[in-house]
Amino acid sequence: MRNAIDYHIHTKLCGHASGTTDEYIREAINKKLKEIGFSDHAPLPEGLREGITMLPEETENYIKLIEQKRKEYNNQIDIKIGFEIDFPLTDALGRKYLNDNRLDYLIGSCHFLGDWAFDHPDNVSGFKNRDINEIYSDYYKIISDLVQSGYFNIVGHFDLVKKFGHRAKADFTKTVENLALSITRNKNIAVEINTAGIRKPVNELYPSENIIEIFYRMNVPLTFGSDAHKPEEVGYMFDKAEETIKKAGYRKISGYSKKQRYDILL
Ligand SMILES: [Zn+2]
Ligand SMILES: [Zn+2]
């Protein structure tokens, strides 16, 4: 892949990723990526963040560390600074560090329906307790609010709710089309093609190919993320990701600098 970028990379600070930032960066250089962005989990409210996100007092060190690495590797690769932020657990929103002008982008992600962390392997049984169509419609309602909040640059793992292979029985095409419309009203939002889904039970990209086709038809910009929690996961299956979006018609993806979106030709 000629101009590959990986905008979804974690660090040890979140408590469930391994390896040093240098190891992630070297892996990206080895894989000839053009740009990478660190987007570690921004602090969740106290009581929820243990082993999931960094602490509020760690955000400054995080930003400084990535800024330092950006300088260090300046002539080898472009390094961006971002956060992955839980929505609607908005405790973090409005926090000063999220409006920091050193940041290049914010990824908005939904990992919780109420207090149910539905994407955590320990909580899979929660899918048995409720109607699957209701779960999907609650999930997409949150994604819709996330997009309309205007707060985020990238929608993270768009259809994460399918992670363990639970599929909606109803047809959500109309819902996805409405979301696409709402995304394109804000010229600064892209949806992430997240390759982590291939490593999970569902065994496919987030979002699914049929959603990618809807997005192409409706002019939704895309960007790429591996959701790496280990250095070797950087750029994971990006050839497959590129092939899939090209098949749908895409010839460019989006990068961000200081929260401004720009095109990168594939
Ligand atoms: Zn994580
Ligand atoms: Zn996530």
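With only Lys, Arg, Asp and Glu charged, each at its Cβ (+1 for the first two, -1 for the last two), find how big the charge dipole of the chain is about the Cα centre; round to the nearest 20 debye.
Details: 37 positive and 40 negative charges, 184 e Å.
I would put it at about 880 debye.
Using packing as a proxy for protection, rank 135-148, 174-187 so that the peptide with the highest average count of other Cβ atoms within 10 Å comes first.
Highest to lowest by the protection proxy: 135-148, 174-187.
Counting each DSSP H run of 4 or more residues in the chain as -39500 (n - 2.57), what helix-only mean residue ellipticity at 222 nm follows after dividing by all residues, to the nearest 500 deg cm²/dmol? Could the numbers behind the result be given before it?
On the way: 6 runs with 73 residues, N = 266.
It comes out at -8500 deg cm²/dmol, rounded to the nearest 500.
Where both partners of a DSSP beta bridge lie in the chain, what percent of those bridges are antiparallel, to the nearest 5?
In the chain, DSSP labels about 25 percent of beta bridges as antiparallel.
Kirkwood Rh and Cα-based Rg: tell me the resulting Rg over Rh for the stretch 110-266, rounded to two decimals. Could you put the intermediate results ahead of the total?
Working: Rg = 15.2 Å, Rh = 16.1 Å.
Using only Cα positions, Rg/Rh for the stretch 110-266 is 0.94.
Which aspartates and glutamates have a Cα lying under 15 Å from the Cα of LYS200, excluding residues fewer than 8 positions away in the same chain?
ASP119, ASP122, ASP159, ASP227, GLU233
Might you report the magnitude of the Cβ-based charge dipole of the stretch 7-165 about its Cα centre, with Lys and Arg at +1 and Asp and Glu at -1, to the nearest 20 debye? All intermediate terms of the calculation are to be shown ahead of the outcome.
On the way: 19 positive and 26 negative charges, 112 e Å.
Approximately 540 debye in magnitude.
For the peptides 14-22, 190-198, what is the packing order when you average, over each peptide's residues, the other Cβ atoms within 10 Å and list the highest mean first?
Working: 14-22: 15.7, 190-198: 24.7.
The packing order, highest mean first, is 190-198, 14-22.
Hey, with R₀ at 35 Å, roughly what FRET efficiency would TYR216 and LEU48 work out to, going by the Cβ-Cβ distance, to 0.05? Please report the intermediate quantities before stating the final value.
Details: r = 36 Å, r/R0 = 1.04.
E between TYR216 and LEU48, to the nearest 0.05, is 0.45.
Got a sec? Charge dipole of the stretch 5-265, +1 on Cβ for Lys and Arg, -1 for Asp and Glu; which of PRO56, ASN75, PHE87 is way out at the positive end?
ASN75
Give me the Debye-computed log₁₀ of I(q)/I(0) at q = 0.14 Å⁻¹ for the chain, equal point scatterers on Cα only, no solvent, two decimals.
Here the Debye-derived log intensity ratios amount to -0.94.
Quick check for you: with a 1.4 Å probe and neighbouring chains kept, what is the accessible area per residue of the chain, in Å²?
Details: 11670 Å² over 266 residues.
Value for the chain: 44 Å² per residue.
What's the center-to-center distance, using Cα atoms, between the stretch 229-260 and the stretch 44-99 in Å?
21 Å
Just going by the charge dipole of the chain, with Lys and Arg at +1 and Asp and Glu at -1 on Cβ, which of ILE211, HIS166, GLY150 is farthest out on the positive end?
ILE211
Given the Cα-Cα distance of PHE164 and ASN74 and 0.36 nm per residue of separation, how much length would full extension add, in nm?
Fully extending the segment from PHE164 to ASN74 adds 28.5 nm.
The values are calculated or read from the model by the stated rules, or taken from the named source; none is laboratory data. Predicted model only: the values in this text are computed from it and were never measured. Neighbour counts are summed over all protein chains in view; Cβ atoms, including those assigned to glycine, are modelled from backbone coordinates with ideal geometry. What goes into the accessible areas is simple: the full protein's heavy atoms, side chains included, and nothing from ligands, DNA or RNA. Shrake-Rupley method; radii C 1.70, N 1.55, O 1.52, S 1.80 Å.
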